[in-house]
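The values are calculated or read from the model by the stated rules, or taken from the named source; none is laboratory data. All values reported here derive from a predicted model rather than from experimental measurement. Glycine gets a Cβ as well: all are built from the backbone with ideal geometry, and neighbour counts include every protein chain shown. Remember, those area values only see protein heavy atoms, side chains included, never the ligands or the DNA or RNA. Shrake-Rupley method; radii C 1.70, N 1.55, O 1.52, S 1.80 Å.
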Amino acid sequence: MADEQLINWHDFQQVAAEAGAKARPFFTARVFAKLQQADVYGRVSIMHFFNYVMRKVWLHQTRIGLSLYDCTGQGYLREGDLENYITELIPTLPQLDGLERSFHSFYVCTAVRKFFFFLDPMRTGKVKIQDILACSFLDDLLELRDEELSKEMQKQNWFSATSALRVYGQYLNLDRDHNGMLSKHELSGYGTGTLTDVFLDRVFQECLTYEGEMDYKTYLDFVLALENRKEPQAMQYLFRILDLRHRGYLDVFALNFFFRAIQNQMRQHGQEPISFCDVKDEVFDMVKPADSLKITLQDLVACGQGDTVITILIDLNGFWMYENREAQVSEQAEAASS
């Protein structure tokens, strides 16, 4: 903080007196107090104040911009509304300049799915403008205005051209018969190719398909769930697939149903299957559900290890990594010390 320019309350008030009427709402005691950072003289960073004002102005402008697409005037955007907003935003984002126009519709679909997957988990078909502004997704999207954005940042940003092309490229690679849809057999090649048949069967039972095949939009939900397993919305998606009998909880029967497929995969790879009883006990120990015989979605989210529980039930590679976690930690420690 030594190199930062700071301002005290008295000077802050003086600037407020000089500022125009539009700026004065930002020069309040509440704002000054909010920006306090334990300076011994009670001063605040001028740069932090500037960033705060810029953020507030940006939010106000963005709210107005989004509201223009709110056809019903009720504070919500439907899928088509958000598609129109992002379509018209593309030319303003330099990082997307290299995208072929023929890819724009797929890019828009990819971007919109993230908003709806996380902000509309109940699948109502609309999201609140207030929720769009409160989440970080618009920040990620508008980060693409930065022409100097690093490749690493682009890889981590779902909305970047790099990320959208990666996801769409994976979809095309899985689509072996080139009919624009994915069968269960084609989807089985996703990731490391070690998702169980039983899990994939349930995906196709629970998710929207067309004559037994999955389109790109449904695939995007699938990818968002598996790439964000720690998030409550992803757990909700995956829990619905694991909840065989739609009872709102997983019992020993459901755990055994899914883990048998892991055991079968282990046999196919010449490995000795792990005992289900051992895994069941570990799962219940990790989750510590309110009811000792039933695991609810709330239990999975609250325990902080819900993603691990889901992974060891649906993915052989994920289960193997969990089983060998201690050996991996030892190897990493040895590598770091050598």
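Thinking of the range 52-134 as a set of Cα atoms, what percent of all their pairs are more than 20 Å apart?
37 percent
Starting from 0.36 nm per residue, how many nanometres of slack lie between Arg176 and Asp278 once their C-alpha separation is accounted for?
Numbers: separation 102, 0.36 × 102 = 36.72 nm, distance 3.88 nm.
Result: 32.8 nm gained on full extension.
Which value in nm describes the separation of the simple spin-label points at Asp285 and Glu100, placed 7 Å from the Cα toward the beta carbon?
Taking the simple label geometry, Asp285 and Glu100 are separated by 5.3 nm.
List the lysines whose Cα sits under 22 Å from the Cα of Lys34, skipping any in the same chain fewer than 8 residues away.
Hits, sequence-local ones excluded: Lys22, Lys56.
Would you mind telling me the share, in percent, of accessible area of the chain contributed by carbon and sulfur at probe 1.4 angstrom?
About 52 percent, which is the carbon plus sulfur part of the accessible surface.
Please report how far the C-alpha centroid of the range 24-54 lies from that of the range 184-240, rounded to the nearest whole angstrom.
46 Å
In vacuum, with every alpha carbon of the range 72-197 counted as one equal point scatterer, what does the Debye formula give for log10 I(q)/I(0) at q = 0.16 Å⁻¹? Two decimals, please.
-0.91
In square angstrom, what is the accessible area per residue of the chain with a 1.4 angstrom probe?
Details: 18620 Å² over 338 residues.
Heavy-atom accessible area per residue stands at 55 Å².
Binning at 5 angstrom from zero up to the longest distance, how are the C-alpha pair distances of the range 202-338 distributed in percent?
2, 9, 17, 20, 19, 15, 10, 5, 2, 1, 0, 0
Quick one: what are the phi-derived ³J(HN,Hα) couplings along the range 54-60, Karplus 6.51/-1.76/1.60 with θ = phi - 60°, whole Hz, x for glycine and proline?
4, 5, 5, 5, 4, 4, 5
Would you please name the trypsin sites (Lys or Arg not before Pro) within the range 238-322 that are DSSP coil residues with at most 15 other C-beta atoms within 10 Å of their C-beta? Walk me through the numbers on the way to the answer.
On the way: sites: Arg240, Arg245, Arg247, Arg260, Arg267, Lys280, Lys294; in loops: Arg245, Arg247.
The qualifying sites are Arg245, Arg247.
Restricting things to alpha carbons, tell me how big the range 159-279 is in terms of Rg and Dmax, in Å.
Rg and Dmax of the range 159-279, Cα atoms, are 15.5, 46 Å.
Add -39500 (n - 2.57) for each DSSP H run of 4 or more in the chain, then divide by its residues: what number comes out at 222 nm, to the nearest 500 deg cm²/dmol? Walk me through the numbers on the way to the answer.
Numbers: 19 runs with 200 residues, N = 338.
So the helix-based figure for the chain works out to -17500 deg cm²/dmol.
When DSSP beta bridges are limited to those with both residues in the chain, what percentage is antiparallel, rounded to the nearest 5?
Working: 10 of 10 bridges.
Roughly 100 percent of the DSSP beta bridges within the chain come out antiparallel.
Amide H of Leu6: which non-local residues (sequence gap of 5 or more, or other chain) have their own amide H closer than 5 Å, using H built in the peptide plane?
For Leu6, the qualifying residues are Ile46.
Can you give the translational diffusion coefficient of the range 113-181 in µm²/s, computed by Stokes-Einstein from the Kirkwood radius over Cα pairs at 37 °C and 0.692 mPa s? Before the final figure, lay out each step's value.
Values: Rh = 14.0 Å.
Taking Rh from Cα pairs, D becomes 235 µm²/s.
Once you have the alpha carbon radius of gyration of the chain, what is it after dividing by 2.2 N^0.38 Å, with N set to its residue count?
Values: Rg = 24.7 Å, N = 338, 2.2 N^0.38 = 20.1 Å.
In units of the globular-protein estimate, the chain measures up at 1.23.
Can you tell me what percent of all Cα-Cα pairs in the range 1-145 are more than 24 Å apart?
Values: 5024 of 10440 pairs.
Of all Cα-Cα distances in the range 1-145, 48 percent exceed 24 Å.
For the range 126-166, list residues with backbone N below 19 Å from a point placed 7 Å from the Cα of Asp70 toward its Cβ?
Of the residues in the range 126-166, 126-139 have backbone N under 19 Å from the label point off Asp70.
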